[in-house]
Amino acid sequence: MLTVIIDARPDPAALAATIAPLVRGVVEGIVGGAVLVAPAADRAVEEIADAAGCRVLVASRWPEGFARAVAGAGGSGFLLVDTGLLIGPEFWPILADRLPLLQDRPAVTRPAARPGFAGMAARAAAILRETGGRAGRDRALLLPPRRAREIAAAKADPFAHPFGRDLVRLDPEVRRLP
């Protein structure tokens, strides 16, 4: 089962919206637990975590919190999500089908297409990130245990880590709250 690690910022509406779609992953037996990594103790984050059955880790820097979350979790992999990112319902069946095929390769979702000039600029930035095999915070990132532990040991930001050609693209798109 996957452990979800969320870079949690004190934005209660965005955090609750990010956590809500994870329920389907739990129901389908894909998600075993969730950890919220918060930059500081925050009552709203703690209340949301308590209501959702998540654990909270306080770490001043996201890479440090990510490393501690990985060290304290088992499971078959890690799903990393940024606060304000929404996973659609089509994500879970696709992930269930693709998970056995990924083996030891990291995977990333597609960001939702946005209209207009801002959308074109975002697509251009995504192409540049993809060239270096980086996920970016506008996507959900799936890490196998070995890869997650390597990044955690280096205390690096997994969203900025260069995976190169190993990074697999998953079809479902995710979108960020406006």
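Values in this text are rule-based calculations from the coordinates and carry no lab data. Please read all numbers here as calculations on a predicted model, not as lab measurements. Positions of Cβ are backbone-derived with ideal geometry, glycine not excepted, and every protein chain shown enters the neighbour counts.
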Built amide H within the under 5 Å cut-off of residue 140, gap 5+: 109
Taking only C-alpha pairs under 8 Å that are 6+ residues apart, what is the relative contact order of the chain in percent? 27
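Of all trypsin sites (Lys or Arg not before Pro) in segment 1-69, which ones are in loop regions per DSSP and have a Cβ with at most 14 other Cβ atoms within 10 Å? Provide the component values of the computation, followed by the final result.
Values: sites: 24, 43, 55, 61, 68; in loops: 61.
Sparse-neighbourhood loop trypsin sites (Lys or Arg not before Pro): 61.
If exposed GluC sites (Glu not before Pro) are those in a DSSP loop with at most 12 other Cβ within 10 Å, what is the longest stretch of the chain that has none? Working shown, then result.
On the way: sites that count: 28, 90.
It runs 91-178.
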Once both labels are modelled 7 Å past Cα along the beta-carbon direction, what's the residue 104-residue 55 spacing in nm? 2.5
Gyration tensor verdict on the chain (Cα atoms; rounded if a/c is under 1.5, prolate if a/b is larger than b/c, oblate otherwise): rounded
Hydrophobic long helices for the chain, i.e. whole DSSP H runs reaching 18 angstrom or more by Cα along the axis with Kyte-Doolittle mean at least 0.5, come out as 116-131
Here, residue 165 and residue 17, labelled 7 Å along Cα→Cβ, have an inter-label distance in nm of 3.9
Can you compute the charge dipole magnitude of the chain about its Cα centre, using +1 on each Lys and Arg Cβ and -1 on each Asp and Glu Cβ, nothing else charged? Give it in debye, rounded to the nearest 20. 500
By DSSP, what percent of the beta bridges with both residues in the chain are antiparallel, rounded to the nearest 5? 30
Counting pairs of alpha carbon atoms under 8 Å apart in space and at least six apart in sequence, what relative contact order in percent does segment 25-79 give? 34
